[in-house]
Amino acid sequence: MSDRESPHGQWSTSLVFVLAAAGSAVGLGNIWKFPYIAGEYGGGAFVLVYLFCIVMIGIPIMVAEITLGRRGRQSPVNSLRTLAQDEGRSQAWTIIGWMGLLTGFLILSFYSVVGGWSLAYVLYAALGAFSEADASDTAALFEALQESPWTLLAWHTLFMAIVFAIVARGVRRGLERALDFLMPLLFLLLIILVGYGLVSGNMAAAVSFMFRPDVSMLTGEAILVAMGHAFFTLSLGMGAIMVYGAYLPKRSSIGKTTLSIAGIDTLVAMLAGLAIFSIVFSLDISPAEGPGLLFVALPTAFGNMPGGTFFGFVFFALVSVAAVTSGISILEPVVAYAVEKSGWTRPVVAALVSLVIWTIGIGALLSFNLWEGFAPLGFLADVPRLWFLEPLTGLNIFDLLSWTTGQLLLPLGGILIALFAGWKLSQPSLREELPMSEDLFTAWLVAVRVVAPIAVLIVLLNGLGILRFS
Ligand code: PHE
């Protein structure tokens, strides 16, 4: 085994690693994004493609990412650099780490804005703001929040401050201590909510919506969104899972931990989806409500159900906890790199990095009010040779951040991670990290060498309209 040690410390057990990685994976992606995109793309067929991507692409790539992290034992940039050196490969592979850093900055800046909404809604729920509200009241409440840059800024600042405070304390004292407390809380809150959906919601309609496939809904774009979401929800492709892997104890099994993490993430997405749709369908609200599904449809439901103030509070607390545990994993690779590079203390580095992300986030939150119609890439619309960027030319900053990271940078990072691990690490190195049965190992190798890269590439090109299959 390679006996490198992480300069940032190590998780105390494999279980803590699973909790941490599951905390990273389970987030706004599961509770906010998954239900609303499943709603927009018609439910069943979308959900099936998404599940297929988790198993065929996500799980093998997660194994690859953790393997690279544990062997490199540093931030993604330096892990890649060290591994390329060890294996006599080109230093160009460090690009995976650099792309990951950029992606981290971009994701966290809009993620924090939505995390801020969920914090705001914890307060609204506690104040009884949904009580007896009808759909237009809750829509007005959400709009009022969106239209006030200062309020959005305050919540975005609070979210970044919480994430910063945890990451600044380091792996053991910060991340691990927070996760030990937050993850059990998250599961408890989710169980309460699903129980509520079962007792008082329309669970039958929810099940049929989520699992009855309607193949006519499967466009190239729907498949791209489903695949991009598989990366996003598993936190793959930017080094978040890689850096957590760098803190993984030597003896832990990468295969087993991966299955637990992917299993927990998928279970939470399914349960959250069922709970949310069972509430939505019990009230005749449209499932294709868009990003507001969580913040408009649900509060209406909470406002008109017995115990709704309490359950509303529980629900948004759940969303906030999930968002914070993901936020720290997006910040960690960047902070780890900056600590290694500068030699400054972690709190100082974390503060500087958070400040930059916070600033980009201002652009994201202004997309809902002052800069609503501002499309930064609009000027590309008239450049004929860049026609394939057309889908981006109409997007505001928020959508641009979300689109380029989710549909482009994460899948691209994922392919490169799969190719590097599969083709450039020697078999003995891989076998040292992955002492699984010969058959399983071969299956994994085929997946990361061939299946995942080709599948991701086809979906990317098709979805971007560069190659059309549908
Ligand atoms: N997986 C997180 C979610 O579903 C988001 C995330 C993306 C976290 C990329 C880390 C890295 O909300």
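The values are calculated or read from the model by the stated rules, or taken from the named source; none is laboratory data. Please read all numbers here as calculations on a predicted model, not as lab measurements. Cβ sites come from the backbone with ideal geometry, for glycine too, and all protein chains shown count toward neighbours. Heads up: the accessible areas ignore ligands, DNA and RNA and are worked out on the full protein's heavy atoms, side chains in. Shrake-Rupley method; radii C 1.70, N 1.55, O 1.52, S 1.80 Å.
Within the set ALA139, ALA129, the sole residue that is assigned to a helix (DSSP H, G or I) and either open to solvent by 10 Å² or more (accessible area, probe 1.4 Å) or at positive phi (or both) turns out to be ALA139.
For the range 6-17, state whether one or more residues are open to solvent by less than 30 Å² (accessible area, probe 1.4 Å) and within 16 Å of the ligand (Cβ to nearest atom). Yes: one or more hits.
Of all the listed residues (PRO299, PRO347, PRO333), the sole one being touching a Ser or Thr at 6+ places or on another chain (Cβ under 6 Å) and modelled with pLDDT of 95 or more is PRO333.
Taken residue by residue, the range 29-36 has no member that is at pLDDT below 95 and more than 15 Å from the ligand (Cβ to nearest atom). Residues in the range 272-287 that are among the aliphatic types (A, V, I, L, M), crowded, with 24+ Cβ neighbours inside 10 Å and away from the ligand (no atom under 16 Å from the Cβ): ALA275, ILE279, VAL280. Which condition number in (1) within 16 Å of the ligand (Cβ to nearest atom); (2) surrounded by fewer than 18 Cβ atoms within 10 Å (Cβ to Cβ); (3) polar (S, T, N, Q) is the one that GLN85 fails? Here GLN85 clears every test but (1). Checking GLY44 against (1) closer than 20 Å to SER278 by Cβ; (2) among the small types (Gly, Ala, Ser); (3) crowded, with 22+ Cβ neighbours inside 10 Å, which test does it fail? Of (1) closer than 20 Å to SER278 by Cβ; (2) among the small types (Gly, Ala, Ser); (3) crowded, with 22+ Cβ neighbours inside 10 Å, only one is false for GLY44: (3).
Hey, does the range 223-242 have a residue that's away from the ligand (no atom under 15 Å from the Cβ), under 30 Å from TRP98 (Cα atoms) and either surrounded by 24 or more Cβ atoms within 10 Å (Cβ to Cβ) or under 16 Å from the mean Cα position of the chain (by Cα) (or both)? Yes, there is a match, as at least one residue in the range 223-242 is away from the ligand (no atom under 15 Å from the Cβ), under 30 Å from TRP98 (Cα atoms) and either surrounded by 24 or more Cβ atoms within 10 Å (Cβ to Cβ) or under 16 Å from the mean Cα position of the chain (by Cα) (or both).
Do we have any residue at all in the range 251-271 that's more than 30 Å from GLN10 (Cβ to Cβ) and either open to solvent by 20 Å² or more (accessible area, probe 1.4 Å) or within 16 Å of the ligand (Cβ to nearest atom) (or both)? Yes; the residues of the range 251-271 include at least one that is more than 30 Å from GLN10 (Cβ to Cβ) and either open to solvent by 20 Å² or more (accessible area, probe 1.4 Å) or within 16 Å of the ligand (Cβ to nearest atom) (or both). For first residues located in the range 86-108 and outside any helix (DSSP H, G or I), partners that are surrounded by fewer than 19 Cβ atoms within 10 Å (Cβ to Cβ) and lie 6+ apart or on another chain with Cβ distances below 8 Å form the pairs GLU87/LYS424; GLU87/SER426; GLU87/SER429; ARG89/LYS424. Annotation note: of GLU432, GLU390, the sole residue that is of a type outside the set (Phe, Trp, Tyr) and either within 14 Å of THR67 (Cβ to Cβ) or open to solvent by less than 30 Å² (accessible area, probe 1.4 Å) (or both) is GLU432.
For the range 357-367, give me each residue that is open to solvent by less than 60 Å² (accessible area, probe 1.4 Å) and either part of a helix (DSSP H, G or I) or in contact with a Ser or Thr (Cβ under 9 Å, 6 or more places away or on another chain) (or both). If the condition is that a residue be open to solvent by less than 60 Å² (accessible area, probe 1.4 Å) and either part of a helix (DSSP H, G or I) or in contact with a Ser or Thr (Cβ under 9 Å, 6 or more places away or on another chain) (or both), then ILE357, ILE360, GLY361, ILE362, GLY363, ALA364, LEU365, LEU366 are the ones that fit. Residue check: PRO291 meets all listed conditions (1) in contact (Cβ under 8 Å) with a residue 40 or more places away in the chain; (2) away from the ligand (no atom under 16 Å from the Cβ); (3) part of a helix (DSSP H, G or I); (4) of a type outside the set (A, V, I, L, M) but one, namely (2). Kindly provide the set of residues from the range 112-126 that are open to solvent by 30 Å² or more (accessible area, probe 1.4 Å) and small (Gly, Ala, Ser), ordered by number. Hit for the range 112-126 is ALA126, nothing else.
Here's the yes/no breakdown for (1) within 19 Å of the chain's Cα centre (by Cα); (2) outside any helix (DSSP H, G or I); (3) free of Cβ contacts under 8 Å to residues at least 12 places away in the same chain:
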| position | (1), (2), (3) |
| --- | --- |
| TRP155 | no, no, no |
| LEU158 | no, no, no |
| VAL163 | yes, no, no |
| ARG173 | no, no, yes |
| ARG177 | no, no, yes |
| LEU185 | no, no, no |
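If you go through the range 100-113 and pick out every residue that is over 18 Å from LEU68 (Cβ atoms) and near the ligand (Cβ under 9 Å from one of its atoms), you end up with 3.
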